[in-house]
Amino acid sequence: MKLAAFIFGVTPLVINYYAKKYIEDDKEATLTEFENDFGLIRIKSYDFIVVGDASWSYQNVLPLFKKSENFVGELINPAESDYYGIGGPLTVGTHMPAIFSKWAEAGIELGYSIADPNGQQIPSFTPMQKLIGVDGLRQSTYKSYILPFEGVRGNLTVIRYSTVTEILLNSAKRVYGVTYLKHGIPQIAHASKEVILSAGAINSPLVLMMSGIGPRDILEGAGKIPVIIDSPVGQNLADHVFLYLGPITFNSSAAPYLPRIREEDLEDSLKAYLETGVGEFGELQEGPQVFYASRRAVSDGQGRWSDVQIVFDAACPMSMDDEVESQACFSYYLNRPKSRGRVSLNTSAYVAGVTDFVKLAEIDFNGFSDPSDMGVLVEAIDFSLDIIGTHTYKSIGAVNSAPAISACSGFLYPSREYWVCYINQVANTAIHMVGTCAMGRVTHSKLRVLGAVGLRVADASVLPSTPNANLNYPTILVGEKAAEDILRDWGGFIGPTN
């Protein structure tokens with residue numbers, strides 16, 4: 001179970017920490033982050049409008065979603081079973097905690113439907129679907145896609161303790177290999193057909209820039225990097241904005257719905273998990289969720305395309321007060337921000353010979369550069385307070401017990417001005433970065449790098465905008481789609497798997 005430490009007023013420090021962590025995680029991961037949350041939510045059908053290629057339509061990529069999963073969960077609407085796959089490498093279940101019945105009742109009170117999160121996605125109250133095996137263990141793309149075949153397939157070699165440093169292109173802009181460091185020692189690997197770069201939304205643009213593919217001003221600023229392809233690499237950085245609110249406290253009648261894990265019970269809970277794979281340590285930390293369409297989305301003609309995800313999180317340790325029987329918090333994700341940032345190469349560090357990607361990356365999220373993003377999050381907080389104000393939640397004593405933070409003491413709590421201040425203090429990255437090698441800008445819809453021959457990018461950086469979902473599943477989709485396109489191009493494609 002991943003327990004989060006909630007610290008007020010240290011947003012820059014937290015963002016720097018998570019940006020560093022993201023870069024470090026990219027060294028271990030292939031298609032997606034190693035330390036992704038357990039939740040597994042797909043891209044919504046509307047998210048594909050921005051790609052402009054029929055092969056990326058929801059109808060055409062649905063077989064790839066289904067190919068990747070082995071769904072063993074419960075469905076709210078069994079008629080939507082055709083949206084789910086069986087027999088794939090990733091076991092997907094449904095998290096149905098006791099509080100879900102109250103969550104659903106509250107949603108109905110507010111006029112919302114109750115739905116499955118990965119079916120026909122509409123603004124609705126839903127359970128969370130989870131990426132946890134029947135043994136209670138977290139799954140990852142490495143465990144599911146690489147580990148079973150490593151040392152078995154002759155066409156797969158995993159080189160550990162290595163970091164790519166440059167993609168090699170000849171005068172015709174054809175890629176013929178890569179250089180990399182293994183234990184700090186320079187190495188070279190030659191490619192007979194293609195190089196597929198999959199280093200993540202921070203590292204992939206850095207590798208391209210160090211290889212001579214990127215904005216001319218940045219490459220020329222580095223001095224020794226030839227400008228092979230002038231391209232907007234690193235621009236268009238987008239990320240889900242994340243924040244939380246809590247604790248939300250309840251009276252004793254909520255105990256059956258929100259059982260509290262007390263310190264004295266942790267040892268027994270951990271022992272039960274290690275022996276049986278079940279219990280608190282084998283479950284999601286997140287609870288149910290609502291996909292909410294803001295007034296901005298409605299005004300933009302996108303009222304059926306939610307832009308906010310609000311999660312009711314029963315495992316956040318917002319208060320250790322033993323007198324509080326049950327508690328939870330709200331987690332908010334701005335899934336479709338309009339603000340955009342950029343990833344740049346620290347040219348001074350590069351010229352000095354630095355090879356550490358953490359020091360080479362200059363990340364500017366440019367958060368809330370579009371002021372309407374702030375308005376959407378304030379609206380999301382107001383809506384979550386409407387949830388605990390329903391008759392259903394009031395019946396179990398739900399109260400917003402979140403204290404006013406000192407940094408915002410100059411504003412009336414809980415006024416709109418206070419929430420703007422609060423968001424500025426606690427908003428964070430969800431580590432769901434995309435867009436820095438976006439299709440239509442840096443890459444083709446078949447993921448080929450524009451202007452180069454024999455080079456593709458296959459990771460979250462190719463998504464033009466943040467999907468209305470956790471980033472894990474959309475990134476897996478990119479890998480599946482890349483595999484399909486590569487097999488088709490090289491004569492190995494045998495058709496989609498339903």
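The values are calculated or read from the model by the stated rules, or taken from the named source; none is laboratory data. Everything quoted here is computed from the prediction, not taken from an experiment. Cβ sites come from the backbone with ideal geometry, for glycine too, and all protein chains shown count toward neighbours.
The numbered conditions (1) closer than 24 Å to A199 by Cβ; (2) within 19 Å of the chain's Cα centre (by Cα) are all true for A352 except (2). From the list V478, V453, V442, the one residue that fits, being buried (at least 22 other Cβ atoms within 10 Å of the Cβ), touching a residue at least 40 places away in the same chain (Cβ under 8 Å), over 18 Å from the mean Cα position of the chain (by Cα) and over 21 Å from S331 (Cα atoms), is V442. The set of residues in segment 133-169 that are closer than 25 Å to G353 by Cβ and surrounded by 11 or more Cβ atoms within 10 Å (Cβ to Cβ) comprises S162, T163, V164, T165, E166, I167, L168, L169. The single condition from (1) touching a Leu at 6+ places or on another chain (Cβ under 8 Å); (2) outside any loop (DSSP other than H, G, I, E, B) that K143 fails is (1). The residues of segment 48-60 that are out of contact with any Ser or Thr (no Cβ under 8 Å at 6 or more places or on another chain) and either modelled with pLDDT of 90 or more or in a helix (DSSP H, G or I) (or both), listed by number, are I49, A54, Q59, N60. Residues of segment 358-388 that are exposed (fewer than 15 other Cβ atoms within 10 Å of the Cβ), small (G, A, S) and under 19 Å from F250 (Cα atoms): none at all. Considering the conditions (1) assigned by the TED database to the domain that holds T276; (2) on the phi < 0 side of the Ramachandran plot, L147 is excluded by exactly one of them, (1). I494 meets each of the listed conditions (1) among the hydrophobic types (A, V, I, L, M, F, W, C); (2) surrounded by fewer than 16 Cβ atoms within 10 Å (Cβ to Cβ); (3) modelled with pLDDT of 95 or more apart from (3).
From the list G246, G212, G234, G221, exactly one residue is touching a residue at least 12 places away in the same chain (Cβ under 8 Å), closer than 30 Å to L471 by Cα and more than 25 Å from the chain's Cα centre (by Cα). Which is it? One residue alone meets the criteria, G212. Within segment 252-277, the residues that satisfy the criterion of being over 18 Å from A328 (Cα atoms) and either surrounded by 14 or more Cβ atoms within 10 Å (Cβ to Cβ) or over 30 Å from the mean Cα position of the chain (by Cα) (or both) are E264, D265, E267, D268, S269, L270, K271, A272, Y273, E275, G277.
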